[in-house]
Amino acid sequence: NPFTKPGFVPSYQRMRWGLTTALIAGAYFSYEINTQGHGSLGLMWFDEYDNAGKGRHYLGLPTSPARVLMDFGEEGRVYRRDYERGVVLCNPSEREVTVELGATFRHIKGTQVSEVNSGREATSVTIGPMDGRILLR
């Protein structure tokens, strides 16, 4: 079980991709590292789960269905879903993309990956392949 080894660092990018995919689709999500059974010893917590400790339900309810922002054919699509207090972007494509947000949003102010969750304001965001972002209104 790699989760129990000293110095273990989860793949934050994979977690963001999975979480934003679930938020786009309206599904449940958990990220765990374990080979000994579901939820046993390897369930982790991330800044994106509760806005870095600010509390659950921080995004509110979806205000629209997911929509495709960019379509690269066989290479994939980029999705956006708006929420009461934020926006979710998911890039399951194989290329880096820059998304114009149409308004000013703020990144989560986190402690785990400060270059992503910096707390800074943005009117556009660049997202790598197989990654996602949660931004706040």
note = If one compares the long axis through the Cα atoms of helix 12-25 with the longest principal axis of the Cα atoms of the chain, the angle in degrees, nearest 10, works out at 60
query = If you project the alpha carbons of the chain onto their three principal axes, what span does each projection cover, largest first, in Å?
reply = 43, 37, 26
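Quick one, can you get me the convex hull of the C-alpha atoms of the range 62-119 expressed as volume per residue in Å³? Don't skip to the answer; put the middle values down first.
Numbers: hull volume 5.9 nm³, N = 58.
Dividing the Cα hull volume of the range 62-119 by its residues yields 102 Å³.
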query = What dipole magnitude, in Debye to the nearest 20, does the chain give about its Cα centre under +1 on Lys/Arg Cβ and -1 on Asp/Glu Cβ?
reply = 400
note = With the 1.4 Å probe rolled over protein heavy atoms, the chain has an accessible area per residue in Å² of 56
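The values are calculated or read from the model by the stated rules, or taken from the named source; none is laboratory data. From a predicted model like this one, the values you see are computed outputs, not experimental measurements. Quick reminder, even Gly has a Cβ in these numbers, built from the backbone with ideal geometry, and neighbours come from all protein chains shown. To get the accessible areas, we keep the full protein, side chains included, count just its heavy atoms, and leave off ligands, DNA and RNA. Shrake-Rupley method; radii C 1.70, N 1.55, O 1.52, S 1.80 Å.
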